[in-house]
C-alpha cells in the first residue's frame, strides 16, 4: 500500500499501527493472529507467509484462486501447526443459520431441490481493476459464487456428485471477467441444487434461496444494500408464513468462533479443507462451462480420471486459472506494489 493511502487509513483509526508491506507486520512477536483481506491473487503468498511466521490465520474468501494453491496453503498451516479458517461469512447470517436449524430439525422432511439466486447490479467503474480481470481472480462467479457454494455445502453437506454449469460475460463482454453463471449441482443422495448469479446493468435485486422438502418448503431472502427484504418463510398448504429470526452480528460471531478455536487449539468451524472443496466445485463449474459436459466429483473433488470427463481436463498449474469465462489465458498476477489494482 502506498504511503498516502496508508496515511488516510490511519487518520481514521487513531492508535493503529500501519505497514506498507504486510510482511513487516508478520515479523512482530506480539502478533498472534492475522486477518487477511487482500485480493484473491495474493492469498496463497500471504497466507503461506503468515503460517511460516507462526501466526493463526483468518483469511477472507476464497481460500485461494486454485486447488493447487489451496493445497500449498493447507500444507503450510499443518506444517507450522497454526489455525487456518477461511472466512465464509454468509453462513453466519441470521436467516441462513435459522434455515439450517429448521432443516436439521427434520420438521420439513428431506430436502429434494433448492434454487439459490443472486441477482444484483454491477457498475464496473466502482470496482478495483483486479475484481474485473480473471487473471487476478476476478469475476462474479469466484467473487460471489463462493458464498453461494459455501452456503449450499453447509446446508446440505459435502457429498456432491456432479455439476453442470455455464459461466460467461454476456452483460459486459468488454470486461475480461464473467458476469453471469449458472450451475446445476447434484448431491449423491439425489438432491439437486441450482445456483444462478448475474450482475446486470439495470434490473431488480434478488438474493436468497428456495428449498423444497418432502414435507414442505422453506425460503430465505437477504437484503442487498438498500434493496430487498431479509427474512425466513415456511411454505405449506399453498401459503408462506414468516417465522421469527433472532438477530445477531454475523461478523462478530465469526470472529468469536475463530478466536475460541485458536484458544482451545481446536479445529475451526470452517476448515481449510472445506475452503478447498468450494474451489474444487468452482473449478468444476469452469470445466463444465468450457467443455459443455457434466463434471463428476468425488468427495467434492473434480474426478479428473473419469472417462466421462477425460476429454475435459483443464490445467490447474500454479499461477493459472486459464478457463475462466471460456477463454484460454494465462494468469500472471500483477506486482503487489501496483497501486492501480487497489491493494
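Bear in mind that the values in this text are calculations on the coordinates, not laboratory data. Note that the structure is predicted; figures quoted are calculated from it, not measured. Cβ coordinates were reconstructed from backbone atoms using ideal geometry, including for glycine residues, and neighbour counts include every protein chain displayed.
Could you sort the peptides 12-23, 198-209 by per-residue average Cβ neighbour count (10 Å cutoff), highest mean leading?
Going by the mean number of other Cβ atoms within 10 Å, highest first, we get 198-209, 12-23.
Mind jotting down a quarter of the surface of the convex hull over the alpha carbons of the range 208-306, in square nanometres, one decimal?
Mean orientational projected area (the range 208-306, Cα hull): 10.8 nm².
Quote the Stokes-Einstein diffusion coefficient, in whole µm² s⁻¹, for the range 89-328, based on the Kirkwood radius over alpha carbon pairs, a temperature of 4 °C and a viscosity of 1.567 mPa s.
For these conditions, the coefficient is 68 µm²/s.
Relative contact order, percent, of the range 89-328 when contacts are C-alpha pairs under 8 Å separated by at least 6 residues?
Averaging sequence separation for qualifying contacts and normalising by length gives 25 percent for the range 89-328.
With label points built 7 Å along Cα→Cβ from the Cα atoms of residue 13 and residue 159, find their separation and express it in nm.
4.4 nm
With bins 5 Å wide starting at 0, give me the P(r) of the range 244-302 over every alpha carbon pair, in whole percents.
4, 16, 16, 14, 12, 13, 12, 10, 4, 0
Provide the packing ranking of 101-107, 284-290, i.e. peptides ordered by the mean count of other C-beta atoms within 10 Å per residue, highest first.
284-290, 101-107
For the range 3-88, what proportion of DSSP beta bridges, expressed in % and rounded to the nearest 5, is antiparallel?
That works out to approximately 0 percent antiparallel.
For the range 33-142, compute the orientation-averaged projected area of the C-alpha convex hull (one quarter of its surface), in nm².
For the range 33-142, the mean projected area of the Cα convex hull comes to 9.4 nm².
Please sort 263-271, 85-93, 62-70, 140-148 by packing, taking for each peptide the average over its residues of neighbouring beta carbons within 10 angstrom, highest first.
62-70, 140-148, 85-93, 263-271
Modelled label-to-label distance, residue 291 and residue 123, 7 Å Cα→beta-carbon offset: nm?
Going by the 7 Å Cα→Cβ label model, 4.1 nm.
Restricting things to Cα coordinates, could you compute the convex hull volume per residue of the range 3-88 in Å³?
95 Å³
Please work out the C-alpha center-to-center distance from the range 37-74 to the range 240-283 and express it in whole Å.
Distance between centres, Cα-based: 17 Å.
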